[in-house]
Structures are given as structure tokens and as C-alpha cells.
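*Asks:* Sending over a structure as C-alpha cells; questions will come in a sec.
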Amino acid sequence: MTSGHNAMIEIGPDEKGYFGEFGGRFVPETLMPALIELEKQYRQIKQDSTFQQELAYLLREYVGRPTPLYYAKNLSARLGKGVRVYLKREDLCHTGAHKINNTLGQALLAKRLGKHRIIAETGAGQHGVATATACALLGLECCVYMGSEDIERQKLNVFRMELLGAKVIEVTSGTRTLKDATSEALRDWMANCDTTHYIIGSVVGPHPFPMIVRDFQSVIGQEAREQIVQKEGKLPQAVVACVGGGSNAMGIFFPFLADEDVQLIGVEAAGHGLATGKHAASLTGGEVGVFHGAKSYVLQTPDGQITPAHSISAGLDYPGTGPEHSYLAATGRAKYDAVTDEEALAAVQLLCQSEGIIPALESAHAIAYLPKLLSRLAEGSIVIVNLSGRGDKDVYTIARSLGKSL
Amino acid sequence: MSTTNRIDAVFAKLRTKNEAALVPYLTGGFPSPEWTLPLLKSLAENGADIIELGVPFSDPIADGPTIQAACKTALENGTTLERILDIVAEFRRASDTPIVLFGALNPFLHYGFEKFAARSATVGADAVLIPDVPVEEADGIQPVLRSHGLHFIELVAPTTPFERKKLIAERASGFLYYISVKGVTGARANTRFALEEPLAELRSLTTLPVVVGFGIATPAQAQEVARLADGVVVGSALIEKIAAARDVVSACGEISGWLNELSTAIKTARLKA
């Protein structure tokens, strides 16, 4: 790596599972042997060409990869300054979001590990659906933990999971949302780690999960980097992605980490606004803490209790974030900012009307950041936005927010 | 350590009597902070040899429904780490029963770990058990506690392989905590615990006392465990009794009889064996 304007960074994690001071394995002893074994096996299996071929086959033939890198001409024109915006179309993946890249990889991994039962957590249900899909395809038993609040809000996805053969387990503890579903999945894993693999949905949790999920999602950035060079003959000035736990962002950022002149920008959910306290922006509005097995930025009270997050987008509605994002933020290699529910809603309409694409509310946060980014970009800059998911799942929420009843 | 830790003194005494310790777990501030001091005193007066005092956390991943709910109620009723440390200070004026502070790492970190360790020692706590700090993460934790004369209690699980048990046993002080079941805390009245092999293995690795917890709910179970272990933890079953009481006086009354039963069962375990 040559020295540029960005801070020097190490590609993590280290042997203890840390990215700088972030990450680690803060879990009960009962889980430690399973984590150590998972890391050891994963490092071997990753090198195995049969495994790689099997995964590549499924990503190509089943998921529909590579996804297009689409030049959004009309959106670019609306933004002005001759900026050229490209959308990485993860919304065109089977099941409608990038989540499937990880669940297929981990489900194949579980089969190699000889684990026939899969557990997962889900908030809005996208990761749950992607896990149920991978399990149906590969013949694995699937249990998805979901908070009772989310079950109520996302009935359609609950039914999709059940249709795919998964069992949805209602979580009634705590705030009855994603963070409690994650806790409950960890508890299940403590009791059943001999027979069960936990497919965590984002680059969060104890080591080696942030590494495994990042690796499986890096296909996004690998493709995007090749595609932009092919189309434009050079790298972009900026890559923008939304960040909740941060899997789509890590997936697209990772292959660009060494390209020091490419700005990496993560957009968090500011909910009702950072000042209101009702947001999900752990990097821009949280503090360092230990939560769900890793040291990272997290939303918490002055007494170190985890506070519930808020975002209109259920996929970003999580009070923590991946440790590698915390590291990229601390070193300055990536910048993080946040946009509100209202700005995300406006971005949904902007993309619908300019490009005929209904983005997921999560991905709309990345789109919403473009006007803010513009002032910092030179004329004619190239920007890639990760369009991590499609918005069909969100139409009821969007309609309600716009004062329409369906 | 310069002075003898109260935990070491208790086990030394019990060893001469060939008895195991009764170690009740109480969620600090449950159901509200006002209950905690009288409950601690009642535990100490009715046979508790060591008390585990839980510091509630919003997202306790090692706990089952009973202690999760107790944490939630305690936090809703204004329990903080500071308040719990104040209660320990008051308790220490009335009793010498050792206290193990038991809780998730984040509240301790956020308080300032060095400050937490110093104040815990000052108020008269004797050890700290942090279930989400395995041996790999203990480097910044254990030495800080030790420098203040506090034990850092290490845990061994049914999933822990032999080499790892060895590593943990080498680092441990005070006592080793053996988790009797795979899974979370919570009363399992009908479970029989498979302790013979794992405890024999631990005995070959350490002379430290071995305390067993998770799932033990009845005097009969406690007695069985006490035949092999040096201490028996009862947690969720105790919390359930407190949760059912209408006020703190009746809670103390309710638990005192039951604790005496547990204590008798434990103290006579090896006579019958």
C-alpha cells in the first residue's frame, strides 16, 4: 500500500479476532469452543476449491450474479455537476437483497461442518427469508428468531419463511425486536452448538462472524470494482452504502480498502434526527461498548445499558454495528454520516421517479446521502451506490408515511 | 494478594468440615433496589456461604427467561451499578459473607473498569464474574481486578475441551465455576447433572474449589451436586420465589425456610455419601 491521504490500515482481523481495538469474542465460555472450531474449519474450507466452485455456481445460476452495475443517467442528471452515479444492483439478487450471498455461503459451510440445523435472527425478515431459502435449497432444518413486534409489522415475510419450510420462533423478551432476536439466537446456540450452525445476518457478533460475513459479501465489491474499471476505465471517487449492522457496506467496501483514493462512505439511519435520541446511528451517535459478542460502537445509556434503536427501515433498526466499521471509522479510512427517515423517504421517491427503481428503505439511505456528498465532489466524479435491496417489502410502510392507506 | 480474600477464608473453613458451600445468586435491584439489602441480609443469615450479586444488563445473553425478566424489572425500577455498589457497602457493615459481583462486561466498562475495580474493593466485594469475558479476553480485566485484591472467577463449560480446561485452570483464582448444562441459566427441577467426569478432570488440573451452577433448583439436586462439588449455585429458583412475594418482608420469610432446607441438604450431602 502506498501512502496517500488516507490513514494506513491493517486488513483484519488479527488472530484474536480484532480490527484494531474492535471486535473480539465476548461470549460465554460455552460458545468459545464452537467459535474456535468454526474459525479453524472456515479457514480451511475457504481455501478448498470444490467449496469455492460450489458457491460460485450457486451465486451465478441461483442468485443471478454478477449483478449489474447500472449507470443511473437520469438520477445523475438530477444531481448535476456532471456526476456519474452507478448503482450496484443487489436488489436484483434472488430474494431481493444482498443477504442471500451470505446465507448461501454459510449454509454450504454448515453442511461441511456436519451441522444439519440452522438458526438465524431477523428484524424485517429479509435475512430470515434469505436463510430459509438457502436451507430449503440445501436441505437443512431452519429456525428463525424474530421479535414479536417485528412479526406483527412484517407478516408477509413471516409467511414467506414458513412457506419456505422454516420455523419462525417469536421472541417476547426485551424490546421484542432485532436485538432481542439476536440474543435469543445466541442463547439457542449455547444449548445446541453441537448440532447447530448460527447464520448471523450481518458483520456483527463474535469473531469469526464479522470476517465470515464480510468475506461472503465481498463478492459485491469485487464485481463492482471490475465493472467500473471496465465501464469507465478507472476507479470511482466514492463508494456509498447504508450501514445498520453493515454487511452490504463491508461487502462493497472491502475490495476497495487498499484503493486509498476511493472515498468510502457509510450512511446510518438518523431516524427522527440524531438530536432526538430516536435513531440507529451507532457510529455517528453512539459510544464504544461490548454488545452481542464484540467491542464496537453501540447505542447505550450513561449506565452502559443498550438502548433501543429507531429507524423507519427495519433492516437498519439495530443499536450496534460491525467492529470492522468501527475500525474504519476510527482510522478515518471510511467516513460515516446519517440521514433521517424523512430524507430516506424522499430518496425512495427520487429513485422511483427518476429511474423506475423502488429501493428498499435501507438502500434509500445511501441514495439520500448523494446530494450531501455532491458538494465535496469535483465536477464529473464517479460514484458507486450499493443498492442493497428492493423496496417491495416496504411499500406498506412507505405508503403509511406518505399518508396513503392501501 | 496482601490480605486474605473472604472467599479463600470461607473455602478453607468449609474444607476442614468437609462441606460444600451454598452460593445463592440474587439479581441486584430486583424487583427494586430497596429490596436488595434486606434480601442480602436474609441470605447471609440463612445459610449462604457466598453470595453472587447480579448487576443487571439490558441484554443478558447467558440468562434464561427468569433472570432476563429480573434484569428488566430491576433496570425499570432504577437500578444502576453505582446503587448496587452502595448496597454492597451497607451490607458489608452488617456481614462478612463474601460477595461475587456477577454481570455483563459493558456496564463495568462504561463505568470505567479501573474505577469499578477500585470501588468494588472499597465497598467490600470479593470477586467479579463476567460471563461474557472468556479467557481470551481476560488480559485487560483480570490483572486490574487482582491489583485490587479481587478474584476474577473463570468459568468452565460442558463444551470446554481438556486442553482449554487446563489453560483456564492455570489462570483461575478464588474458585472455578463449572456450568452444569449446555445453555442458559434457569431452574431445571427434573434434570440430573452429569458431573462425575468433568469434575474429576478439573480436580486433576487444580486444587481450587469448584463451584457448580446453572439449572439447580431443588434441595435434592443441590445435595447430589454437593457430593462432588465444593459449592452449589442456586439462582433462577430463588428469583422465582422472590418474584412471587408481595413485599420484601414476606420475600425474606419465604426464602429463609427454603434456604435452610438447601443448606441442610448441602451440609449433609457428604455424610450420606
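*Asks:* I need the full set of residues from the range A:384-404 which are surrounded by 24 or more Cβ atoms within 10 Å (Cβ to Cβ) and in a strand (DSSP E or B), in order please.
*Replies:* Passing the criteria: A:384, A:385, A:386, A:387, A:389.
*Asks:* Tell me, which helices (runs of 4 or more DSSP H) lie completely within the range A:275-375 with 1 or more residues that are touching a strand residue (DSSP E or B) at 6+ places or on another chain (Cβ under 9 Å), within 14 Å of chain B (Cβ to nearest Cβ) and crowded, with 20+ Cβ neighbours inside 10 Å?
*Replies:* Where helices (runs of 4 or more DSSP H) fall fully within the range A:275-375 and carry at least 1 residues being touching a strand residue (DSSP E or B) at 6+ places or on another chain (Cβ under 9 Å), within 14 Å of chain B (Cβ to nearest Cβ) and crowded, with 20+ Cβ neighbours inside 10 Å, they are A:282-285, A:323-331.
*Asks:* Can you tell me which of A:30, A:95 is closer than 27 Å to residue A:124 by Cα and among the hydroxyl-bearing types (Ser, Thr, Tyr)?
*Replies:* On inspection, the qualifying residue turns out to be A:95.
*Asks:* Quick check: is even one residue across the range B:55-75 in contact (Cβ under 8 Å) with a residue 40 or more places away in the chain, more than 11 Å from chain A (Cβ to nearest Cβ), in a loop (DSSP other than H, G, I, E, B) and aliphatic (A, V, I, L, M)?
*Replies:* Taking every residue of the range B:55-75 in turn, none turns out to be in contact (Cβ under 8 Å) with a residue 40 or more places away in the chain, more than 11 Å from chain A (Cβ to nearest Cβ), in a loop (DSSP other than H, G, I, E, B) and aliphatic (A, V, I, L, M).
*Asks:* Could you identify the single residue in A:322, A:356, A:315, A:332 that is touching a residue at least 40 places away in the same chain (Cβ under 8 Å) and either closer than 28 Å to residue A:159 by Cα or in contact with a Phe, Trp or Tyr (Cβ under 8 Å, 6 or more places away or on another chain) (or both)?
*Replies:* Residue meeting the stated conditions: A:315.
*Asks:* So, one more: With the condition kept exactly as written, say whether any residue in the range A:40-53 is exposed (fewer than 15 other Cβ atoms within 10 Å of the Cβ), within 14 Å of another protein chain (Cβ to nearest Cβ) and out of contact with any strand residue (DSSP E or B) (no Cβ under 7 Å at 6 or more places or on another chain).
*Replies:* yes
*Asks:* Here is a further query. Consider residue B:97 against the criteria (1) within 16 Å of the chain's Cα centre (by Cα); (2) surrounded by fewer than 24 Cβ atoms within 10 Å (Cβ to Cβ); (3) in a helix (DSSP H, G or I): it satisfies all of them except one. Which criterion is unmet?
*Replies:* The one condition residue B:97 does not meet is (3).
*Asks:* Go through the range A:155-199 and report how many residues are within 13 Å of chain B (Cβ to nearest Cβ) and part of a loop (DSSP other than H, G, I, E, B).
*Replies:* The number of residues fulfilling the criteria is 9.
*Asks:* Name the residues in the range B:143-181 that are more than 12 Å from every other protein chain (Cβ to nearest Cβ), farther than 16 Å from residue B:128 by Cα and of a type in the set (Gly, Ala, Ser), would you?
*Replies:* Hit for the range B:143-181 is B:169, nothing else.
*Asks:* Does residue B:108 satisfy the condition of being at the interface with chain A (Cβ under 8 Å from one of its Cβ atoms) and either under 18 Å from the mean Cα position of the chain (by Cα) or at pLDDT below 95 (or both)?
*Replies:* Judged against the criteria, residue B:108 is a match.
*Asks:* Could you please find all residues in the range A:191-249 being polar (S, T, N, Q) and over 9 Å from the mean Cα position of the chain (by Cα)?
*Replies:* Answer for the range A:191-249, where residues must be polar (S, T, N, Q) and over 9 Å from the mean Cα position of the chain (by Cα): A:192, A:195, A:196, A:218, A:222, A:227, A:230, A:237.
*Asks:* Quickly run through the range A:151-179 and pick out the residues that are in contact with a helix residue (DSSP H, G or I) (Cβ under 6 Å, 6 or more places away or on another chain) and modelled with pLDDT of 95 or more.
*Replies:* A:158, A:160, A:161, A:164, A:165, A:166, A:168, A:170, A:171
*Asks:* Here's something else I'd like to know. What are the residue pairs meeting all of these: first residue in the range B:154-178, first residue in contact (Cβ under 8 Å) with a residue 12 or more places away in the chain, second residue surrounded by fewer than 18 Cβ atoms within 10 Å (Cβ to Cβ) and among the charged types (D, E, K, R), Cβ atoms under 9 Å, and 6 or more apart or on different chains?
*Replies:* From residues that are in contact (Cβ under 8 Å) with a residue 12 or more places away in the chain, the pairs are B:154/B:171; B:157/B:182; B:158/B:182; B:159/A:194; B:159/B:182; B:162/B:201; B:165/B:201; B:173/B:146.
The values are calculated or read from the model by the stated rules, or taken from the named source; none is laboratory data. Keep in mind that this is a model prediction, so the values were computed, not measured. So basically every Cβ, Gly included, is an ideal-geometry build from the backbone, and we count neighbours across all protein chains shown.
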